[in-house]
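See structure below.
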Amino acid sequence: MNQAVILDTHGGPEVLRVTDRPLPAPAAGEVTVAHRAVGVNCIDLYYRGGRYPHPLPHGLGFEGAGVVEAVGSGVAGLRPGDRVAYATGPLGAYAQARNLPASHIIKLPPDIGFDTAMAILYKGLTVQYLFRQVYRPQAGEIVLFHAAASGVGLIACQWARLLGVRLIGTVSDSARGALAREHGAWRTIDTRHEDVAARVMALTDGAGVAAVYDGVGRDTWLDSLASLRPRGLLINFGDASGPVAGVALSALQKKSLYLTVTSLAAYMNTPARLLAAASELFRHVRAKALHAHIPRHYPLAQAARAHAALEKRSIAAAVLIPS
């Protein structure tokens, strides 16, 4: 039997249920991955709470790393024993093992451990598509990145430094500001004490920034618009504070602004795109230009504890370790 975490209803961490389920042989085009580590991300909390509806009951988790156990018919380039990872789902990573499409699989370089993969893969691929595909900031350019001390934000700070981009990061306190600057942020704005748009305008001599990367949503929407230069681009890639509601296109008109709402899956929707992005990410990790803190470990059966700790912000990141 295969131990897995599922939910039958939406709610708090207490709705997560550990169960034993049979795992069939992989279908055509699939592989079976025996997990050594499973990533826990904020999007998992949103699925658990019902913000992103999905038919119940269902599993959780989009990201895992482990070893290929079996290969279905029609799969080329993968074999049992290969060290692999994935970060584009589908749902169901909270399990000892699982079947998933081979097209979602990334082979791990020999010097990238399972912990490192789960610390940086989902978050790093997010920054890769934001900086290298959605809008490619150039050296010397100034951009605004909300929640710069988050897991994604700290990787963005490092990647911006690598590109020579001046990243202004919003943070919720001075300690997080120091952390973001240590990781490469050019300047930080403490949202408790500073007016974000006014500070951005001061830092850009009244011009505004070329692009705003916003994974916060409702609470930062107006500041994002006000911080942009004419014909600037607002990139919404999440809604940690809640979705933006009642958007009037006229809000974009005065400065002829552009808006795009993005997702990782849409930018990693072919094996070629996924592998190219992962290759670039791992190249920077191996060169020590990018790093992520190794997350807190929890046994798979304690997924609820991991969720509770993330919600309380008592930890920055977590991985589940199947027994």
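Quick notes
- Within the set ARG132, ARG192, ARG161, the sole residue that is of a type in the set (Lys, Arg), in contact with a His (Cβ under 9 Å, 6 or more places away or on another chain) and either in a loop (DSSP other than H, G, I, E, B) or closer than 30 Å to GLY64 by Cα (or both) turns out to be ARG161.
- Residue check, ARG176 closer than 25 Å to TYR86 by Cβ and in a helix (DSSP H, G or I): no
- Elements of type strands (runs of 3 or more DSSP E) in the stretch 252-321, at least 1 residues being over 23 Å from ILE6 (Cα atoms): 258-261
- Residue selected from the stretch 86-120 under the condition of a type in the set (Gly, Ala, Ser) and out of contact with any strand residue (DSSP E or B) (no Cβ under 6 Å at 6 or more places or on another chain), by the criterion nearest to THR270 (Cα to Cα): SER103
- Positions within the stretch 1-52 being crowded, with 20+ Cβ neighbours inside 10 Å and without any contact (Cβ under 8 Å) to a residue 12 or more places away in the chain, in sequence order: none
- Of the strands (runs of 3 or more DSSP E) that lie entirely inside the stretch 1-67, those containing 3 or more residues that are within 28 Å of ILE294 (Cβ to Cβ) and under 18 Å from the mean Cα position of the chain (by Cα) span 30-40.
- Flag if ALA304 is in the same structural domain as ARG17 (by the TED database), surrounded by fewer than 21 Cβ atoms within 10 Å (Cβ to Cβ) and within 26 Å of GLN128 (Cβ to Cβ): no
- Options VAL212, VAL261; residue that is in contact with a strand residue (DSSP E or B) (Cβ under 7 Å, 6 or more places away or on another chain), of a type in the set (A, V, I, L, M, F, W, C) and touching a residue at least 60 places away in the same chain (Cβ under 8 Å): VAL212
The values are calculated or read from the model by the stated rules, or taken from the named source; none is laboratory data. From a predicted model like this one, the values you see are computed outputs, not experimental measurements. For neighbour counting, all protein chains shown are included, and Cβ atoms are generated from backbone atoms with ideal geometry for every residue, glycine included.
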